[in-house]
Amino acid sequence: MSKFVILVFPGSNCDRDIAYVTRDILGQPTRLIWHQETDLGDVDVVIVPGGFSYGDYLRCGAIARFSPIMQAVLDHAAQGKWVLGVCNGFQILTEVGLLPGALTRNRDLHFICDRTPLKIENPQSPWTSTYAEAVITLPIAHGEGRYHADPDTLKSLEDHGQILFRYCDPDGVVDQNHNPNGSLGNIAGITNRQGNVLGMMPHPERAADAIVGSVDGLNLFQGLLS
Amino acid sequence: MADFQARIYVTLRPSVLDPAGVAVCSGLHQLGYEGVESVRIGKYIEVQLTAADQQDAQTQLDQMCDRLLANPVIENYCFEITELATA
């Protein structure tokens with residue numbers, strides 16, 4: 001059993017999708033916590049969901065990072081416990097400093113709603129160790145998902161195996177023709193140095209039930225149960 | 001205490017691609033402004049605040065920019081402060 005907490009900000013819209021995965025599909029205790037709370041309670045995994053927190057005013061995630069609950073999330077992460085940020089959640093985790101870099105406007109300006117192949121770059125990570133395949137396909141839905149970091153940060157991410165997912169072609173070839181938003185190094189998801197905090201633009205919770213056409217996202221959550 | 005107005009300019013760092021700026025640049029070219037070499041789009045923010053003096057206002061504004069108004073990973077900022085005449 002793993003105890004899940006999903007944060008809810010004004011404008012979150014993937015919170016209940018994630019709860020459906022962790023509670024209804026995986027049968028794990030799951031609570032949704034309003035951002036004005038200050039205590040996470042007894043929890044193993046904190047998930048920061050996608051959406052448009054605070055209307056994404058100023059910058060995506062910029063205001064959400066000051067929500068009262070975020071101090072508890074920082075403390076949770078500092079103890080080495082799991083934190084997952086999806087889409088807007090990834091943006092919030094970079095803004096609050098749990099993950100390096102920033103998410104900026106997509107190269108071609110469009111909001112992208114699509115499915116994209118992802119190369120599992122680091123299969124040793126607990127987040128990805130339950131995947132047998134090297135390439136999975138997940139939905140993406142974002143206007144500002146172009147990962148940016150300075151060259152030193154990028155090198156550090158690569159040296160320490162922190163890049164978990166890269167956009168690629170269906171055979172796993174990573175090139176600029178298969179980089180939907182123009183992310184640096186085709187980066188779709190990264191962890192912190194310790195590996196307990198993951199941020200990713202693709203939505204694993206939207207590919208976790210066969211009725212929606214794919215279960216490629218389910219292993220990511222199952223990896224946290226083992 | 002005195003009232004101040006700050007005009008804050010937040011701009012993308014030169015190393016960060018600005019796709020909106022590129023799109024606007026190509027729009028200007030289509031309008032015939034072929035001399036336009038580049039366009040970079042930033043944010044302009046006006047803040048009115050009360051502070052002990054100009055130095056205090058500057059200190060507070062620096063903190064506001066570092067903590068919220070700009071993201072130092074991708075953005076630079078600068079601002080001008082004007083003391084408002086008291087009524």
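The values are calculated or read from the model by the stated rules, or taken from the named source; none is laboratory data. All figures in this text were calculated on a predicted structure; none of them were measured in a lab. Here the Cβ positions follow ideal geometry from the backbone for every residue, glycine too, while neighbour counts run over all protein chains shown.
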Practice problem: Name the one entry in A:128, A:94 that is within 10 Å of chain B (Cβ to nearest Cβ), of a type in the set (S, T, N, Q) and in contact (Cβ under 8 Å) with a residue 40 or more places away in the chain. | Solution: A:94
Quiz item: Within the range A:118-126, is there a residue that is within 17 Å of residue A:219 (Cα to Cα), touching a Cys at 6+ places or on another chain (Cβ under 8 Å) and crowded, with 16+ Cβ neighbours inside 10 Å?
Solution: yes
Quiz item: Can you pull out the strands (runs of 3 or more DSSP E) entirely within the range A:34-136 that have at least 3 residues that are of a type in the set (Val, Ile, Thr)?
Solution: A:45-48, A:112-120
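Matching residues to (1) modelled with pLDDT under 95; (2) surrounded by 12 or more Cβ atoms within 10 Å (Cβ to Cβ); (3) under 12 Å from the mean Cα position of the chain (by Cα); (4) among the basic types (Lys, Arg):
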site	(1), (2), (3), (4)
B:6	no, yes, yes, no
B:9	no, yes, yes, no
B:19	yes, yes, no, no
B:27	no, yes, no, no
B:31	no, no, no, no
B:42	no, yes, yes, no
B:45	no, yes, yes, no
B:57	no, yes, no, no
B:64	no, yes, no, no
Quiz item: Only one of these conditions is not met by residue A:152: (1) outside any loop (DSSP other than H, G, I, E, B); (2) surrounded by 16 or more Cβ atoms within 10 Å (Cβ to Cβ). Which number is it?
Solution: (2)
Quiz prompt | Tabulated pairs, the range B:19-37, first more than 14 Å from every other protein chain (Cβ to nearest Cβ), second part of a loop (DSSP other than H, G, I, E, B), C-beta under 8 angstrom, 6+ apart or interchain | solution = B:28/B:36; B:28/B:39; B:29/B:36
Quiz prompt | Exclusive hit being within 14 Å of another protein chain (Cβ to nearest Cβ), free of Cβ contacts under 8 Å to residues at least 40 places away in the same chain and closer than 17 Å to residue A:188 by Cα, set A:66, A:111 | solution = A:111
Quiz item: Among the residues of the range A:4-49, which ones are among the small types (Gly, Ala, Ser) and farther than 25 Å from residue A:142 by Cβ?
Solution: A:27, A:41
Quiz item: In the range A:132-149, what residues are surrounded by 16 or more Cβ atoms within 10 Å (Cβ to Cβ) and either under 19 Å from residue A:92 (Cα atoms) or small (Gly, Ala, Ser) (or both)?
Solution: A:140, A:141, A:142, A:143, A:144, A:145, A:146, A:147, A:148, A:149
Quiz prompt | Qualifying residues in the range A:192-215 (those that are more than 12 Å from the chain's Cα centre (by Cα) and among the β-branched types (Val, Ile, Thr)) - the one nearest to residue A:86 (Cα to Cα) | solution = A:215
Exercise. Mind telling me which of the residues B:57, B:23 ends up being over 30 Å from residue A:147 (Cα atoms) and of a type in the set (A, V, I, L, M)?
Key: B:57
